[in-house]
Amino acid sequence: MDETVRPAPLVGIVGGSRSDFPVLQDAQSVLEQLDVPCELRVVSAHRTPDHLFRYAETAAERGIRVIVAGAGGAAHLPGMLAAKTALPVIGVPIPTQHLGGLDSLLSIVQMPRGVPVATVAIGNATNAALLAAAILALSDPALADRLAAYRAAQTDAVLGDASNVEPLT
């Protein structure tokens, strides 16, 4: 039996349904690369509002420090979570069939004054994870170093591209 103890998640990644997971797994992957413990769960604003409230109300005491919430269509999940917790919430608009995610983006970004939700581009859970990591890195120098290395690797990948063989003059 595997006795490995996994650290408590620092980032909660939630979607309104499993159909959001293909987008949200990008956040999970980036956080795992940065060695940030996270969890990925289904929490529906419309189908399980009591579960949503419990999730938001217990997140901090369970060790969660940032929530990444993906939502499509009416996109109530990020805002409802933000209304029930003081933790930072980052909304990820999920691309939708009919409006391509613009409906999701507008629903998330138009939060009323006093209940902020950070919002990234449609389908961009990678940036949500990087933002969550940057928030956590403010109080974690080792994570700040890992995040700096991640960004440096992105820079090196661009500069090392074959199209950049000849220097700019």
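With contacts taken as Cα pairs under 8 Å at a separation of at least 6 residues, the stretch 1-125 carries a relative contact order of 24 percent.
Label-to-label distance, A121 versus D140, with points set 7 angstrom from Cα along the beta-carbon direction: 2.6 nm. In loop segments of the stretch 1-93 as defined by DSSP, the GluC sites (Glu not before Pro) with at most 11 further C-beta atoms inside 10 Å of their C-beta are E3. Only protein heavy atoms count here; on that basis, with a 1.4 Å probe, H76 has an accessible area of about 90 Å².
Stretching the chain fully between Q110 and E57 yields a gain of 16.8 nm (0.36 nm per residue, less the alpha carbon separation). Heavy-atom surface analysis with a 1.4 Å probe gives the chain a carbon and sulfur content of 56 percent of its accessible area. Other residues with beta-carbon under 15 Å from the beta-carbon of V30 carry, at +1 per Lys or Arg and -1 per Asp or Glu, a net charge of -2. Rolling a 1.4 Å probe across the protein heavy atoms gives the stretch 92-169 an accessible surface of 66 Å² per residue. Computed with a 1.4 Å probe on the full set of protein chains, the accessible area for D103 sits at about 40 Å².
Ligands, DNA and RNA excluded, the heavy atoms of S44 present near 10 Å² of accessible surface to a 1.4 Å solvent probe. Here the chain is assigned +1 on the Cβ of each Lys and Arg and -1 on the Cβ of each Asp and Glu. Its dipole about the Cα centre then comes out at about 660 debye. Distance between the modelled labels on R47 and A148, one decimal in nanometres: 4.5 nm (7 Å Cα→Cβ projection). For the chain, the 222 nm mean residue ellipticity estimated from helices alone, with every DSSP H stretch of n ≥ 4 adding -39500 (n - 2.57) and the total spread over all residues, rounds to -13000 deg cm²/dmol. When the Cα positions of A60, V23, G79 are compared along the charge dipole of the chain, G79 comes out farthest toward the positive end, with charges on each C-beta of Lys, Arg, Asp and Glu.
For the set Y55, Y150, the ranking by accessible area, highest first and with no ligand, DNA or RNA atoms included, is Y150, Y55 under a 1.4 Å probe.
Legend: residues V43, V165, sorted from most to least accessible area (1.4 Å probe; ligands, DNA and RNA excluded), read V165, V43.
The values are calculated or read from the model by the stated rules, or taken from the named source; none is laboratory data. Just so it is clear, the structure is predicted and the values come from calculations on it, not from any experiment. Glycine gets a Cβ as well: all are built from the backbone with ideal geometry, and neighbour counts include every protein chain shown. Ligands, DNA and RNA are excluded from the accessible area calculation, which covers all protein heavy atoms including side chains. Shrake-Rupley method; radii C 1.70, N 1.55, O 1.52, S 1.80 Å.
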